[in-house]
Protein chains: 2
Amino acid sequence: MSDIQVGKSGIRAYAPATIGNISCGFDLLGMAVDEPGDVVQVKLNYDRKVRIIEIVGDGGRLPMEVDQNTAGIAVKALKKHIQKGRGIDIILHKNLPLCSGMGSSAASAVAALMAANKIWGEKLTKQELIPFALKAEAKISGSVHGDNAIPSLLGGIVLITSYNPLKYIQLPIPKKLYVTLTHPQFEISTREARELVPKEIPTKKVIKQNACIASFVAGCYQNNLELIKDSMHDYIAQPKRYKLIKGFSQMESAIHNLGAFNLGISGSGPSVFSLSNDRHLATKAGRIMQKYFYQNKYKCEVYVSKVNKVGAVVLE
Amino acid sequence: MSDIQVGKSGIRAYAPATIGNISCGFDLLGMAVDEPGDVVQVKLNYDRKVRIIEIVGDGGRLPMEVDQNTAGIAVKALKKHIQKGRGIDIILHKNLPLCSGMGSSAASAVAALMAANKIWGEKLTKQELIPFALKAEAKISGSVHGDNAIPSLLGGIVLITSYNPLKYIQLPIPKKLYVTLTHPQFEISTREARELVPKEIPTKKVIKQNACIASFVAGCYQNNLELIKDSMHDYIAQPKRYKLIKGFSQMESAIHNLGAFNLGISGSGPSVFSLSNDRHLATKAGRIMQKYFYQNKYKCEVYVSKVNKVGAVVLE
């Protein structure tokens, strides 16, 4: 990990990847996983500006311009809000792949906010940092969405019920829930994935979707994994989007036969995930995902963890 | 109340009215109220048949034929299931108006099942009686739905997540929740109301509906009435159905201004309901409903209660 420009006064923060939608909650639900995640280092500078001085791990693809990078946008907005004099230099360690469906841009913004808030005297709570992360996400993606930023910041499973005003619920995390998240090494643009979402949904499917999200929420409160298993269906986006991921249908059948909860697309993909009620099953699910991605000539990384409970953290 | 034909061996049971949909859960949610409700009396006979020998309070409109009346269909199916020799005579006291949106046909079936099950030695639990009530509802309405029958039987707030196999969740009942249910004296046929439901729903509305039902479920588990208030929206049926109820929009505004939760259509109407966080507000909401129905030349009955917790009961 690069330590250039970050001396004794530097602060590092970590923000985890997130699974948006969680199958049954299109644009409403998100959950944090333990890893992977982005790390941001910040250091006070003397020219009162927010600068991105280095980005590691993005292959040179992310903009260094503050106003075009979620980390920069978020920190600049925070600086304006707290009217803090000193500028900061940002080093962004991109561990999350771009366009992966794992909340990469949100994690950068969140880690940057955590580090900047800390170095400026921790004026705001995590909850108070949310609007700055949402602003950054909105500027980059063109629409307000918090199903990645909010769980990355707070951890856990988050249900967003309204944006204006912002309202969200942190759902109880079922104790034995394991997450398998697999990232195949190809990209899907969020824009392309969004264009595939139908403008209208048959009412019969709407009722099923309502039943699923209601069942998911009840399952979280009841710590009932059977209810959560039953709820893992997406009648809105996945029926159109799965075609973007080669081998998805076969992988889905294999995951189903294994007994893990249904295969879902993480956010707008191409990462896929499944939930399980034990670590052994979750690991097996990862092997299945890997196998099918390999068959389709994609390298992939598999992450098995419980739901991340703490969200973004300042690293000591 | 008629006691004809019901001597010492007779059994009476009560089943309450129910509010189907509860605004945010079209075809999925239902709740029971304390009153009104139907009463069914049964008495063993000697000819091994299930007979409906009297119906009181329906103005002569309901069929006496066992196979065309939900009470008769349900009890006949139960008799077949438990292979009980003795027939029974049924007297149905219709306190619930027909085509009212208050689960009238379900309440008749449920009260009849409770009384018949009791007189036949209470072989089945309430839960085990559900399929017989659903069968009766399906035969009369043409489609399986349990958002009236299940809460009428079990009480409380019920979320039905699947019919095949039948799966439902009894949601926790928020402590300070009051219900105002008002029945104007005109009828809407369920068939007509169902035909108004759009075949497709815009995806943006679907996401809002998902947020509402998720919020409702979370509100029940959290005992959080603010969440429930936020969730009282129907983007599926109500935007088309409200026109069947004269004065609905004005009534809706007045209820909103009062501070009670949104005005909703109970089932397929014409009964309307609102939820409130205290009895005083619930009573005021009832007066508003009454006022607007009167302005439109409809007599109406107003019922204010908490959510019924016990469901159908055998009367001592």
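The values are calculated or read from the model by the stated rules, or taken from the named source; none is laboratory data. This one's a predicted model, so the numbers in the text were calculated from it and none came from an experiment. In this analysis, Cβ positions are derived from the backbone assuming ideal geometry, glycine residues included, and neighbour counts consider all displayed protein chains.
Looking at region A:1-19, which of its residues are of a type in the set (Lys, Arg) and either at pLDDT 95 or above or within 30 Å of residue A:180 (Cβ to Cβ) (or both)?
So in region A:1-19, the residues of a type in the set (Lys, Arg) come out as A:8, A:12.
Matches in region A:1-19: A:12 only.
Residues of region A:151-171 that are more than 18 Å from residue A:37 (Cβ to Cβ) and either part of a strand (DSSP E or B) or outside the structural domain of residue A:126 (by TED's automatic domain parsing) (or both): A:159, A:160, A:161, A:162, A:163, A:166, A:167, A:168, A:169, A:170, A:171. When every residue of region A:207-229 is checked against the conditions, none turns out to be modelled with pLDDT of 95 or more, outside any helix (DSSP H, G or I), at the interface with chain B (Cβ under 9 Å from one of its Cβ atoms) and crowded, with 24+ Cβ neighbours inside 10 Å.
Is it fair to say residue A:227 is under 20 Å from residue A:295 (Cβ atoms) and over 23 Å from the mean Cα position of the chain (by Cα)?
On the way: under 20 Å from residue A:295 (Cβ atoms): no; over 23 Å from the mean Cα position of the chain (by Cα): yes.
Judged against the criteria, residue A:227 is not a match.
Selection over region B:141-150 of residues that are in a helix (DSSP H, G or I) and either farther than 17 Å from residue B:98 by Cβ or over 15 Å from the mean Cα position of the chain (by Cα) (or both) gives a count of 1. Consider residue B:87 carefully, then state whether it is within 17 Å of the chain's Cα centre (by Cα) and either buried (at least 23 other Cβ atoms within 10 Å of the Cβ) or at negative phi (or both). Answer is no for this residue.
Which of the residues belonging to region A:190-206 are hydrophobic (A, V, I, L, M, F, W, C) and facing chain B (nearest Cβ under 7 Å)?
The first filter runs over region A:190-206 and keeps only residues hydrophobic (A, V, I, L, M, F, W, C), leaving A:193, A:196-197, A:201, A:206.
Residues satisfying the conditions are A:197, A:201, A:206.
Looking only at region B:236-288, residues that are over 14 Å from residue B:188 (Cβ atoms), of a type in the set (A, V, I, L, M, F, W, C) and under 21 Å from the mean Cα position of the chain (by Cα) come to 7 in all. Put simply, of A:161, A:180 the only residue that is hydroxyl-bearing (Ser, Thr, Tyr) and within 14 Å of chain B (Cβ to nearest Cβ) is A:161.
May I ask you to say which residue of A:101, A:155 is touching a residue at least 24 places away in the same chain (Cβ under 8 Å), crowded, with 24+ Cβ neighbours inside 10 Å and within 21 Å of residue A:192 (Cα to Cα)?
A:101
Can you tell me which residues in region A:71-126 are aliphatic (A, V, I, L, M) and in a loop (DSSP other than H, G, I, E, B)? Correct list: A:96, A:98, A:102, A:124. For residue A:146, are the conditions met, namely being at pLDDT 95 or above, buried (at least 20 other Cβ atoms within 10 Å of the Cβ) and not assigned by TED's automatic domain parsing to the domain that holds residue A:289? No, not satisfied.
Annotation: of all residues in region A:230-255 being more than 17 Å from residue B:26 (Cβ to Cβ) and of a type in the set (A, V, I, L, M), the one that is nearest to the other protein chains (Cβ to nearest Cβ) is A:237.
Each row is one residue, and each column tells you yes or no for (1) under 15 Å from residue A:105 (Cα atoms); (2) surrounded by 24 or more Cβ atoms within 10 Å (Cβ to Cβ).
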position	(1), (2)
A:40	yes, yes
A:44	no, no
A:56	yes, no
A:77	no, no
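Remark: pairs (first residue in region A:227-241, free of Cβ contacts under 8 Å to residues at least 24 places away in the same chain and over 12 Å from residue A:274 (Cα atoms); second residue among the hydrophobic types (A, V, I, L, M, F, W, C) and not in a helix (DSSP H, G or I); Cβ separation under 9 Å; 6+ apart in sequence or on different chains) = A:227/B:169; A:230/A:261. Considering B:309, B:297, the condition of being farther than 18 Å from residue B:28 by Cα, touching a residue at least 40 places away in the same chain (Cβ under 8 Å) and part of a loop (DSSP other than H, G, I, E, B) is satisfied by B:309 alone. Reported count of residues in region A:104-156, each being under 13 Å from residue A:72 (Cα atoms), in contact with a strand residue (DSSP E or B) (Cβ under 8 Å, 6 or more places away or on another chain) and β-branched (Val, Ile, Thr), is 1.
Among the residues of region B:29-65, which ones are in contact with a Gly (Cβ under 9 Å, 6 or more places away or on another chain), of a type in the set (A, V, I, L, M) and under 30 Å from residue B:161 (Cβ atoms)? Please lay out each step first, then the result.
Looking only at region B:29-65, we keep the residues that are in contact with a Gly (Cβ under 9 Å, 6 or more places away or on another chain), and these are B:29-32, B:38, B:41-52, B:63-65.
Subset that is of a type in the set (A, V, I, L, M): B:29, B:31-32, B:42, B:44, B:50, B:52, B:64.
Selection gives B:29, B:31, B:32.
If you take the residues in region B:241-261 that are among the charged types (D, E, K, R) and surrounded by fewer than 21 Cβ atoms within 10 Å (Cβ to Cβ), which one is modelled with the highest pLDDT? Top of the filtered list is B:252. Of all the numbered requirements in (1) hydroxyl-bearing (Ser, Thr, Tyr); (2) modelled with pLDDT under 95; (3) under 29 Å from residue B:61 (Cα atoms), residue B:162 misses one, and that requirement is (3).
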